[in-house]
1. Please find, in a Gaussian network model of the chain (springs between Cα atoms separated by less than 10 Å), the residue of Leu124, Leu70, Leu109 whose mean-square fluctuation is greatest.
2. Run the accessible area of the range 128-167 with a 1.4 Å probe and give the carbon-and-sulfur part as a rounded percent.
3. Sort Ser13, Ser209 by heavy-atom solvent-accessible area, probe 1.4 angstrom, most to least.
4. With every protein chain in place, what's the accessible area of Thr18 (1.4 Å probe, Å², nearest 10)?
5. Determine the alpha carbon to alpha carbon distance for each of Lys6/Lys300; Lys42/Lys188; Lys191/Lys307; Lys42/Lys265 and list only those over 27 Å.
6. Based on the Cβ-Cβ distance from Thr149 to Ser288, what FRET efficiency comes out when R0 is 45 Å, to the nearest 0.05?
7. To test your reading of the geometry: what angle, between 0 and 90 degrees and rounded to tens, separates the Cα axis of helix 88-105 from the longest principal axis of the chain?
8. Once the convex hull of the C-alpha atoms of the range 19-122 is built, how many Å³ does it hold per residue, rounded to a whole number?
Amino acid sequence: MRPKQKIILGIESSCDETACAVVADGQAVLSNVVATQIDLHKRFGGVVPELASRAHIEAINTVIDEALALCPNPQPDAVAVTHQPGLIGSLLVGLMAAKTLAWAWGVPLIGVNHVRAHAYAAALEAGPVEYPAVALICSGGHTALYHCTGPTEMELIGNTIDDAAGEAFDKVAAILNLGYPGGPVVDKVAKSGDPHAVKFPRSLLKGQSLDFSFSGIKTAVLYHVNGLPGQASDAPRGIENLSPQQIADIAASFQQAVVDTLTIKIRRAVERFSPRTIILGGGVAANSALRQATEDLAGKTRIAFRKPEMRFCTDNAAMIAGLGYHYLQAGQVADLGLTATATARTKVGK
Ligand code: KG4
Ligand code: ZN
């Protein structure tokens, strides 16, 4: 007789998405409900923490009800929840809901690191990853490289020293008046631009560093559009003087610079760790140019490439439930004293 499937209910509320999902054996996504707050934060051009916490409180019960209603007789064996990193007020809403359910159902509670869960997203609905793997996680808050020897064994080998890649997409979209969130719209506009039109800097490429820096490129785009502060220029400056084609060229050139930087770091990590698989994860993993460039790199180096389905790139709870399953199998469960932590910046190598 086949062993009974392990059903995990996952909850995610670390930033601006309230999400709940039910996942069987870390693979089959039985339900995946996401309530996004994008419209709420749009007019501010970024996430407002206090508004985010309130919106999570309003949405959380409905989102959990919907996720459970989509599965016939779900009977979760455990509740997994993002407890770090993220906005503290937002994390606490999901954590409280998860503790309540775990206590009421008498099942284990599992604390999951959001960034690590992004690295698991590529395995959802797609079968287990072959390890060891190098995982690049790029989101609005993080840009990190991991060396993974299993779904729960991940060593941080590179990190951003300033802005995250997604943050750079969001800020450049704001400079170009393209709206919020920036990633999807830059991706779209870049398709009609020339990626070689403007030579933007590729940072931290010297030596063998696996760390990232994206604040320089954001400033370079700003100066390209508005001119250098204090320097007169004959050319008309400012976004209002740029044609749609010039804007598309800037978007495409910026995107190319980011993708080049990210793929160079992946290549270095591959040379150092000789993995069997390259994994992409996080919101920026939805970027068409990054997906293609990483696929090409994997093809050239004859390494398997795993990217998440589009719906599992940006924040969701299926990745939390999926990784939670592996913690449950490893006996790594929490108790009701589990706390939320805003940042989980581990030093490189730790
Ligand atoms: O993983 P995620 O949903 O949230 C965080 O954990 O931060 O990532 C959101 C980020 C945003 O910065 C958004 O602009 C970016 O992912 N993003 C993209 C694309 N889709 C979303 N960036 C580049 N290209 C995309 N297609
Ligand atoms: Zn995320």
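1. Highest fluctuation of the listed residues: Leu70.
2. Details: 610 of 1160 Å².
Here carbon and sulfur together make up 52 percent of the probe-accessible area.
3. Largest accessible area first, the residues go Ser209, Ser13.
4. We get 0 Å² for Thr18.
5. On the way: Lys6/Lys300 38 Å; Lys42/Lys188 18 Å; Lys191/Lys307 21 Å; Lys42/Lys265 32 Å.
Violating the 27 Å limit, Cα to Cα: Lys6/Lys300; Lys42/Lys265.
6. On the way: r = 30 Å, r/R0 = 0.67.
For Thr149 and Ser288, the calculated efficiency is 0.90.
7. Helix 88-105 sits at roughly 20 degrees to that axis.
8. Residue-normalised Cα hull volume stands at 107 Å³.
The values are calculated or read from the model by the stated rules, or taken from the named source; none is laboratory data. In this text, all values refer to a predicted model and were calculated from it rather than measured experimentally. Reconstructed Cβ throughout: ideal geometry from the backbone, glycine too, with neighbour counts over all protein chains shown. These accessible areas exclude ligands, DNA and RNA; they are computed on the full protein's heavy atoms, side chains included. Shrake-Rupley method; radii C 1.70, N 1.55, O 1.52, S 1.80 Å.
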